[in-house]
1. From 4, 36, grab the single residue that is of a type in the set (Ser, Thr, Tyr), within 25 Å of residue 105 (Cα to Cα) and touching a helix residue (DSSP H, G or I) at 6+ places or on another chain (Cβ under 8 Å).
2. Could you check segment 203-220 and list, in sequence order, the residues that are out of contact with any Phe, Trp or Tyr (no Cβ under 9 Å at 6 or more places or on another chain) and either open to solvent by 30 Å² or more (accessible area, probe 1.4 Å) or closer than 26 Å to residue 83 by Cβ (or both)?
3. Could you please find all residues in segment 199-213 being touching a strand residue (DSSP E or B) at 6+ places or on another chain (Cβ under 7 Å), over 17 Å from residue 245 (Cβ atoms), of a type outside the set (S, T, N, Q) and modelled with pLDDT of 85 or more?
4. Pull up segment 192-208, narrow it to residues that are of a type in the set (D, E, K, R) and part of a helix (DSSP H, G or I), then point me to the one that is nearest to residue 239 (Cα to Cα).
5. So which residues in segment 13-31 are open to solvent by 50 Å² or more (accessible area, probe 1.4 Å), modelled with pLDDT of 90 or more and not hydroxyl-bearing (Ser, Thr, Tyr)?
6. Can residue 65 be described as among the hydrophobic types (A, V, I, L, M, F, W, C), closer than 25 Å to residue 138 by Cα and touching a residue at least 40 places away in the same chain (Cβ under 8 Å)?
7. Residues being part of a helix (DSSP H, G or I) and without any contact (Cβ under 8 Å) to a residue 12 or more places away in the chain: count how many of those fall in segment 16-53.
Amino acid sequence: MELSDKKLEEILTGSGVLTAEQASKAGEQMRRIGKSFKKNLITLGYVDEETITSTVLAHANISYIRLKNYPIKVEATKLLPRKKCIAYKAIPVSLSRDLLTVAMSDPFNVVILDDIHILTKKEILPVYAHEEEILAAIDKHHPRDQMTMTDVVDKIDTMEHEFGTWSPQEASAVPKGEEEDEHSPVIVLLANKIVEEAHHQGASDIHIEQLETKTSVRYRIDGVLKEALALPTKVRLSLVARFKIM
């Protein structure tokens, strides 16, 4: 949760969790070593993070829920796509008429609240949940695409009519405007899968090379190029074009 140091100090001293003397010492240390007011409070042992969180939420009249045991409603989760949930660190948990309850790691972020309101066309009731519990709930209710890279390549091989049967020599001779479509769903999926897998493996860059009988996709991992995928030569131009768009 993002609050200004001054606002946090006001809430904690006003609720009696922190004394004026403790607040002053934490402020002095903050100016001396540069850590946030909150981190200095915890370092000095004046208050723990859980107490800070519960005090701030109580002051703002925001509920604190544990998603591990919360009965999340499917009709609510469907209103916000996975990508947005991850970006916002938020997940809708219940819907009552036009009121959508959304668990958030930062329920004070008015920009995110406004965006969710616009996307869902619902009134938003923010509640607080731990970030790791939110991410676990997102994976449970918005599972990742389970199609593997092998599935994508197999799909390409069964769609000859979409890509044609280019040889490496023919590929360079394809007239402009007659290249395979970089917007094709299978090419879009293939490009996304390549990037996703490169990210998961910790690759620093991706290399696409046209060889005599295949298109080789390699990842540079720890400075070493390793082949990740051998693709039909017929997809090279459309795949490269897709990466240029990305």
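1. Among 4, 36, only 36 is of a type in the set (Ser, Thr, Tyr), within 25 Å of residue 105 (Cα to Cα) and touching a helix residue (DSSP H, G or I) at 6+ places or on another chain (Cβ under 8 Å).
2. Correct list: 209, 210, 211, 212, 213, 214, 217, 218, 219, 220.
3. 203, 205, 207, 209 - these are the residues of segment 199-213 that are touching a strand residue (DSSP E or B) at 6+ places or on another chain (Cβ under 7 Å), over 17 Å from residue 245 (Cβ atoms), of a type outside the set (S, T, N, Q) and modelled with pLDDT of 85 or more.
4. 193
5. 14, 16, 20, 21, 25, 28
6. Here the answer is yes, as residue 65 does meet what is asked.
7. Selection size over segment 16-53: 11.
The values are calculated or read from the model by the stated rules, or taken from the named source; none is laboratory data. This is a predicted model, so every value here is computed, not measured. Cβ coordinates were reconstructed from backbone atoms using ideal geometry, including for glycine residues, and neighbour counts include every protein chain displayed. Just the protein is used for accessible areas: all its heavy atoms, side chains included, with ligands, DNA and RNA removed. Shrake-Rupley method; radii C 1.70, N 1.55, O 1.52, S 1.80 Å.
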